[in-house]
Amino acid sequence: MNDLAEQVRRIPSVDRVLGLPDVAVLVARHGRAFTTQQLRVLLGEIRARMTAAGAQAQPAPDDHAIVALLADRLERAARPNVRRVFNLTGTVLHTNLGRAPLPPEVVAAEAAALRDATNLEYDLASGKRGDRTDHVRGWLQRLTGAEAATVVNNNAAAVLLLLASLARRREVLVSRGELIEIGGAFRMPEIMASASCKLVEVGTTNRTHLADFEAAIGPRTALIMKVHPSNYAITGFTKSVPDAELAALAHRHGLPFAVDLGSGALVDLARYGLPAEPTPMAALAAGADLVTFSGDKLLGGPQAGIVVGRADLVQKLDRNPLKRALRLDKGRLAALEALLRLYADPDRLAERLPALRLLTRPEAAIAAVGARLLPPLAQALAGRATVTLEACMSQVGSGSLPVDRLPSQCLALRPERAGGAALNRLAAAFRALPIPVLGRLEAGALKLDLRCLEDEAAFLGQLPALASP
Ligand SMILES: *Cc1c(COP(=O)(O)O)cnc(C)c1O
């Protein structure tokens, strides 16, 4: 008689495990269908593992072990896929980590809009059908001084809609130095192609002159476009044409001039001690007819693409059937409205808007967080890693202010055991915490930049979980 076959036969049936008293608790918590399905997969895996091991196979696990494995599996599967994390990477507006954290007023407005029916496309005054974009238009006009405004799903969508509405099957002039790619496959030449525009590259990578634009204008030209070089800087022997000169040239030829700002701050960041970032207001003042920017970069709000500028051009965008495919849902519209309201009071913005609060957090305050966290963290890692408080540099992220760095403080963790494997294990242990902690690996250390750590209690509360292997 084959020993292995005998062992495999001893693996209990699905029905038998489901009948065990301990499993009733799991069924109550996770539902019969899901528990049964996960149990089937588990028993199948046990069978496959034993069969693959052949003569070396361990005996079949007993009921108790199977219930424990099932409970563990269900618990892991029940955890949401989208989860809160601690962003200690030092990149404040991290695209992979969801960019701007939102203020409580904004979250509350979004939740309220999602929970109940809303006047999303209903004009309460007239009792007639309304336009969803109207809920934020007025705020965008007031805050930027623009004649008109509209919003879509994100800034990539805003650029696509602009191109498709103003320059379909015609030529768009862009400086060669601005043919950008932004992480996540936003490439200006490809967006142009998707909008059926013909891209006309003007000038050279490092230098573009007004005369280059002038020479490129032809009967098929529809638009002159300026793209803010978000995530890089060209330095050295460079020349680009100022917005005002490009606008004047475009207008002399009866063409619109559009600026894709990318980040676009609605306040002058220099006022908060940050490096200056171009604003939509400045672009409009320089003569831009349309300006596009993101909702979740320096604006500090929900994902959105914002277009401000000339009323006749915004109307063309609003009337394009593509707009319907790129529109915002009620939750994000409510969130964006609540966010824009905060901008009505710029004096309190740095405390109320998390993105700005984190970007302007003084280094001394960050160091104080480090001084409080260092002893308990060193204790939790005793024998595994040393912990020191060190100076480091944060960055804004999302392609905003690409060259500037913000002085910050980090806890640098260095494994006792030398080598990359120990460091990777340490980083993995922090990622495996209930609220995963994400730092950056640098020069043999796991560095936790504390600029974005505000919830110290939650961070400390999960340190005991580090101890378990
Ligand atoms: C970030 C960026 C975009 C894309 O914006 P999303 O909101 O991420 O879609 C487009 N253009 C520029 C210049 C940018 O910086």
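Just so it is clear, none of the values below were taken in a lab; they were calculated from the coordinates. These numbers were taken from a predicted model, which means no experiment stands behind them. Counting neighbours? That spans all protein chains shown, and the Cβs are built from the backbone with ideal geometry, glycine included.
For the range 143-157, 3J(HN,Hα) computed residue by residue from phi via the Karplus equation (6.51, -1.76, 1.60; θ = phi - 60°) reads 6, 9, x, 6, 5, 8, 8, 8, 9, 9, 4, 7, 6, 4, 5 Hz, glycine and proline entered as x. Going from the residue with the fewest nearby Cβ atoms within 10 Å to the one with the most, Ser13, Ser398, Ser408, Ser294 rank Ser13, Ser408, Ser398, Ser294. The value of relative contact order for the range 297-405, using C-alpha pairs under 8 Å at least six residues apart, is 24 percent. Sorted ascending by nearby beta carbons within 10 Å, beginning with the fewest, Val67, Val159 become Val67, Val159. Distant-in-sequence amide contacts of Ala148, defined by a placed amide H-H separation under 5 Å and a gap of 5 or more residues or a different chain, comprise Gly309, Ala311. With θ taken as phi - 60° and the Karplus curve 6.51 cos²θ - 1.76 cosθ + 1.60 applied, the whole-hertz 3J(HN,Hα) list for the range 336-352 is 5, 4, 4, 5, 4, 4, 4, 6, 5, 10, x, 5, 9, 4, 5, 8, 8 Hz, x standing for glycine and proline.
Electrostatic tally near Arg170: other residues with Cβ closer than 15 Å to its Cβ, Lys and Arg +1, Asp and Glu -1, net +4.
For the range 2-78, the residue among Ile46, Ala68, Phe34 whose Cα projects farthest onto the positive side of the dipole built from Cβ charges is Phe34. Relative to its Kirkwood radius, the Cα radius of gyration of the chain gives an Rg/Rh of 1.08. Normalising by residue count, the range 58-182 has a Cα convex hull of 333 Å³ per residue. Across the options Ala283, Asn154, Ile366, the greatest Cα extent toward the positive end of the charge dipole of the chain (unit charges at beta carbon of Lys, Arg, Asp, Glu) belongs to Asn154. Rounded to the nearest 20, the Cβ-based charge dipole of the range 2-78 about its Cα centre (Lys and Arg +1, Asp and Glu -1) stands at 260 debye. By the helix-only formula, in which each DSSP H run with n ≥ 4 contributes -39500 (n - 2.57) and the sum is divided by residues, the chain has a 222 nm mean residue ellipticity of -12500 deg cm²/dmol. For the range 379-446, the alpha-carbon coordinates run over 40, 24, 22 Å along the three principal axes, in decreasing order. Basic side chains Lys and Arg get +1 at the Cβ, acidic Asp and Glu get -1 at the Cβ, and with that the dipole of the range 104-348 about its Cα centre reaches some 640 debye. Compute log10 of I(q)/I(0) for the range 104-348 with the Debye formula, placing one identical point scatterer on every Cα and leaving out solvent, at q = 0.08, 0.09, 0.13, 0.18 Å⁻¹, to two decimals. At q = 0.08, 0.09, 0.13, 0.18 Å⁻¹ the computed log10 ratios are -0.31, -0.39, -0.79, -1.43. Database remark: amide H of Cys392 closer than 5 angstrom to the amide H of Ser408, Gln409, Cys410 (H placed geometrically; neighbours at sequence offset of 5 or more, or on other chains; Pro and chain starts carry no H). If you take the Cα atoms of the range 123-163, find Rg, then find the Kirkwood Rh from the mean of 1/r over all pairs, what is Rg/Rh? Answer for the range 123-163: 1.06. Here, the range 22-122 yields an orientationally averaged convex hull projection of 12.2 nm² when only Cα atoms define the hull. Working from Cα pairs under 8 Å separated by at least six residues, relative contact order for the chain is 19 percent. Taking the Cα centre of the chain as origin and assigning +1 to Lys and Arg Cβ atoms and -1 to Asp and Glu Cβ atoms, the resulting dipole is close to 800 debye. Taking the Kirkwood radius as Rh and the Cα radius of gyration as Rg, the range 2-78 has a ratio of Rg/Rh equal to 1.00. For the range 240-322, averaging the sequence separation of C-alpha pairs within contact (under 8 Å, six or more residues apart) and dividing by the residue count gives a relative contact order of 26 percent.
Of Val241, Gly264, Ala167, whose Cα points farthest to the positive end of the dipole of the chain (charges on the beta-carbon: +1 Lys, Arg; -1 Asp, Glu; origin at the Cα centre)? The residue sitting most towards the positive pole is Ala167.
With a cut-off of 13 Å between beta carbons, the residues surrounding Leu411 carry a summed charge of +1, where Lys and Arg count +1 and Asp and Glu -1. Over the range 327-401, the pair-distance histogram of Cα-Cα distances with 10 Å bins from zero comes to 14, 28, 28, 18, 11, 1 percent, rounded to whole numbers.
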